[in-house]
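A short write-up of the structure that comes next.
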Amino acid sequence: MGIFSRSKATVPTPAAQAAAGPELTALTGDYTIDPAHSTIGFVARHAMVTNVKGGFDDFTGTLSLNGADPAASTATLDIQMESIDTGNADRDGHLKSADFFKTDEFPTMTFRSTKAEALGGDDYRITGDLSLLGVTKQISIDLEFNGAATDPFGNERVGFEGKAELLRSEWGLTWNAALETGGVLISDKIKLVFDISAIKNA
């Protein structure tokens, strides 16, 4: 049974919840994302011929998992935009500038979930509000639940891989340059990728 799934039948009784299995009960609770073992990245098409990949080095987040009512589970994420890293200092500086993220004025990008749903098996979808450059719009993140485990230090962990797509222009990220051969330098479509490990709070 998935942690975000909700039965279409009647609400389960306490006895039925107890019989659901220890794995569901164990996942219930509040978790903190472990940035040392998590990645938040993005992929953009460059010059119409290749992909540029990058990520963020400074972020915090939480998960609140509810085994009795999985659809009530929530997630939050706060990303410091100054921590953007594409492996090229000049490009990173341009991305932080007024042409793109305006990090002096808008230092943080945030995500707040509003809905969780099961897609079958270990696949789920989290929908929520993404706020960037003073604009808030809804996005959906497809997630795969990778499992739960206790690490050698006694931390109870859960893991997810996720992906989403958005049009950067919807958040006011419209800077671009035309190519002599046609097309533009940077794609409007951006792919987001997530690899999340979260530790259960004591």
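The values are calculated or read from the model by the stated rules, or taken from the named source; none is laboratory data. It should be emphasised that the depicted structure is a prediction, and the values quoted were computed from it without experimental measurement. With ideal geometry, Cβ positions are generated from the backbone for all residues, glycine too; neighbour counts draw on all protein chains shown. When the accessible area is computed, the model is the full protein with side chains, heavy atoms only, and any ligands, DNA or RNA have been set aside. Shrake-Rupley method; radii C 1.70, N 1.55, O 1.52, S 1.80 Å.
Need a quick list: strands (runs of 3 or more DSSP E) entirely within region 38-83 having at least 2 residues that are among the small types (Gly, Ala, Ser). Spell out how you get there, then give the answer.
On the way: elements: 39-46, 50-56, 59-65, 74-80.
The strands (runs of 3 or more DSSP E) meeting that bar are 39-46, 50-56, 59-65.
Within region 79-107, no residue satisfies the criterion of being of a type in the set (Asp, Glu) and surrounded by 17 or more Cβ atoms within 10 Å (Cβ to Cβ). Taking the numbered list (1) in a strand (DSSP E or B); (2) closer than 30 Å to residue 36 by Cβ in turn, residue 154 passes all entries but (1).
Looking across region 128-185, the residues that are among the hydroxyl-bearing types (Ser, Thr, Tyr) and modelled with pLDDT under 95 come down to 150, 181.
Checked against the criterion of being in contact with a helix residue (DSSP H, G or I) (Cβ under 6 Å, 6 or more places away or on another chain), in contact (Cβ under 8 Å) with a residue 40 or more places away in the chain and open to solvent by less than 40 Å² (accessible area, probe 1.4 Å), the candidates 133, 173 yield just one match: 133.
Among 196, 186, which is touching an Asp or Glu at 6+ places or on another chain (Cβ under 9 Å) and surrounded by 15 or more Cβ atoms within 10 Å (Cβ to Cβ)? Of the residues listed, the single one that is touching an Asp or Glu at 6+ places or on another chain (Cβ under 9 Å) and surrounded by 15 or more Cβ atoms within 10 Å (Cβ to Cβ) is 196.
Per this entry, residue 110 is not counted among residues that are open to solvent by 60 Å² or more (accessible area, probe 1.4 Å), closer than 27 Å to residue 202 by Cα, in contact (Cβ under 8 Å) with a residue 12 or more places away in the chain and not in a loop (DSSP other than H, G, I, E, B).
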